[in-house]
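*Asks:* Supplied in structure tokens, the structure appears directly below.
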Amino acid sequence: MKWIILFSVLLLIMVAVYVANFFLNAALFRDNKWYTQTGHKMMNPDNFNKEKSTYTLIEEEQNQQGDIFWNQPFAQDYWLEVEGETLYSRLIIPQPDSKKWVICMHGYRSFGQRDMAFVASKFSTQGYNIFVPDLRAHGKSTGDIIGMGWLDRLDLIKWIQEIIKMEPLAEIILFGGSMGAATVMMTSGEKLPNNVKGIISDCGYANVYDEFASIFHTAFKLPRFPVLTITNILAKKKVGYSLKEASSVSQLRSNELPVLFIHGTGDKFVPHQMLYENMEATTGVKESLIIEKAPHLSSFIYESDHYFETVFEFVKRYC
């Protein structure tokens with residue numbers, strides 16, 4: 001009987017380790033066929049369950065406007081070498097004499113143009129020049145490991161430094177959506193130059209461990225223990241950081257910059273309740289914008305005018 005119990009325990013551990021390793025590879029490595037073919041639809045169903053509606057038409061119009069803006073003569077490709085990787089950004093300077101800058105950070109397994117071209121166009125109407133990077137292991141940037149904001153925070157500091165080289169008196173806003181929101185929040189806990197004036201975080205997660213726990217529950221119908229516990233242990237060795245240390249909440253506790261937190265209540269990818277965890281953690285000025293029924297990274301589609309009026313009023317008031 002003891003041998004049966006021991007064998008069952010060992011088998012359970014082996015299965016848990018296999019599943020943990022499988023999930024880690026699917027979630028945090030750039031080229032993963034299972035994620036492309038199956039996992040993406042399971043983890044973020046909102047991207048696949050769109051029926052034609054007023055909102056899809058608005059999204060199409062916004063994307064068209066963003067693509068036109070992206071290809072204006074005042075926009076150019078910009079490359080940065082960081083630790084053996086080549087990072088890409090679109091540098092957009094519609095206002096050469098302006099000292100107002102914004103860096104717009106895209107979401108998980110997306111790229112800058114897709115998520116942030118329209119947002120960039122809206123900032124340009126307010127006199128901003130813009131950097132729109134492709135995060136490491138995304139878009140045109142090289143790299144295999146997805147940083148979930150934790151590794152990306154260090155790259156974002158490099159982009160901030162590039163702006164200051166061009167304009168020492170630059171006043172910089174950090175804007176991020178989804179993983180890009182986690183990136184700007186995680187960056188907030190670092191020692192930043194005084195040029196950085198404020199942060200806009202749209203649907204960012206509180207920490208990677210809890211975000212993956214949510215995906216385990218909603219997409220895979222699995223509890224966080226023991227698989228996610230093992231995933232966390234494996235992550236440190238395989239990708240260079242643990243899921244728990246990659247935390248917006250812990251970084252925001254050191255933040256004194258003003259932050260506007262945005263989230264849609266219809267988000268199935270990042271639970272909108274995480275907004276309250278992030279908001280409670282920050283020590284700086286903070287405000288929130290909740291958009292009813294908006295899916296993941298869709299708040300500026302559902303209530304575009306209200307969204308950007310709130311963003312620019314916040315920036316004007318506090319940054």
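The values are calculated or read from the model by the stated rules, or taken from the named source; none is laboratory data. Bear in mind the structure is a predicted one, so any value in this text is a computation, not a measurement. Every residue, glycine as well, gets a Cβ built from its backbone with ideal geometry; the counts of neighbours run over all protein chains shown.
*Asks:* Name the residues in the stretch 31-51 that are polar (S, T, N, Q) and assigned to a loop (DSSP other than H, G, I, E, B), would you?
*Replies:* 32, 44, 49
*Asks:* Scan 148, 185 and give me the residue that is at positive phi and within 16 Å of the chain's Cα centre (by Cα).
*Replies:* So the residue among 148, 185 that is at positive phi and within 16 Å of the chain's Cα centre (by Cα) is 148.
Every residue, every condition in (1) among the basic types (Lys, Arg); (2) at pLDDT below 95; (3) at negative phi; (4) within 17 Å of the chain's Cα centre (by Cα), yes or no:
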{"site": "264", "(1), (2), (3), (4)": "no, no, yes, yes"}
{"site": "268", "(1), (2), (3), (4)": "yes, yes, yes, yes"}
{"site": "278", "(1), (2), (3), (4)": "no, no, yes, yes"}
{"site": "292", "(1), (2), (3), (4)": "no, no, yes, no"}
{"site": "301", "(1), (2), (3), (4)": "no, no, yes, no"}
{"site": "305", "(1), (2), (3), (4)": "no, no, yes, no"}
{"site": "314", "(1), (2), (3), (4)": "no, no, yes, no"}
{"site": "317", "(1), (2), (3), (4)": "yes, no, yes, no"}
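*Asks:* Here is a follow-up. Among all residue pairs at least 6 apart or on different chains, which show Cβ distances below 7 Å where the first residue, located in the stretch 207-220, is among the polar types (S, T, N, Q) and the second is surrounded by fewer than 24 Cβ atoms within 10 Å (Cβ to Cβ)?
*Replies:* These pairs meet every condition: 207/244; 207/249; 214/271; 218/268.
*Asks:* Exactly one of (1) under 20 Å from residue 106 (Cβ atoms); (2) part of a helix (DSSP H, G or I) is unmet by residue 210. Its number?
*Replies:* That leaves (1) as the condition not met.
*Asks:* Please go through (1) modelled with pLDDT under 95; (2) in contact with a Lys or Arg (Cβ under 8 Å, 6 or more places away or on another chain) for residue 183 and return the number of the only condition it doesn't satisfy.
*Replies:* (1)
*Asks:* Something else now. Which one of these is in contact with a Phe, Trp or Tyr (Cβ under 6 Å, 6 or more places away or on another chain) and at pLDDT 95 or above: 222, 260?
*Replies:* Criteria check complete, one pass: 260.
*Asks:* Scan 285, 311 and give me the residue that is touching a residue at least 60 places away in the same chain (Cβ under 8 Å), of a type in the set (A, V, I, L, M, F, W, C) and closer than 14 Å to residue 260 by Cα.
*Replies:* Being touching a residue at least 60 places away in the same chain (Cβ under 8 Å), of a type in the set (A, V, I, L, M, F, W, C) and closer than 14 Å to residue 260 by Cα holds for just one of 285, 311, which is 311.
*Asks:* State the number of residues belonging to the stretch 84-109 that are assigned to a loop (DSSP other than H, G, I, E, B) and touching an Asp or Glu at 6+ places or on another chain (Cβ under 9 Å).
*Replies:* The qualifying residues number 4.
*Asks:* Being at pLDDT 95 or above, crowded, with 24+ Cβ neighbours inside 10 Å, on the phi > 0 side of the Ramachandran plot and of a type in the set (S, T, N, Q), is that true of even one residue in the stretch 158-180?
*Replies:* yes
*Asks:* Would you check which residues across the stretch 161-199 are under 30 Å from residue 25 (Cα atoms) and either of a type in the set (A, V, I, L, M) or part of a helix (DSSP H, G or I) (or both) and list them?
*Replies:* Correct list: 174, 179, 180, 181, 182, 183, 184, 185, 186, 187.
*Asks:* Starting from the stretch 82-99, keep only residues that are more than 21 Å from residue 119 (Cα to Cα), then list their pairs with residues that are hydroxyl-bearing (Ser, Thr, Tyr) and in a loop (DSSP other than H, G, I, E, B) whose Cβ atoms are within a distance under 6 Å, requiring at least 6 positions of separation or different chains.
*Replies:* Cβ pairs passing all conditions: 85/142; 86/142.
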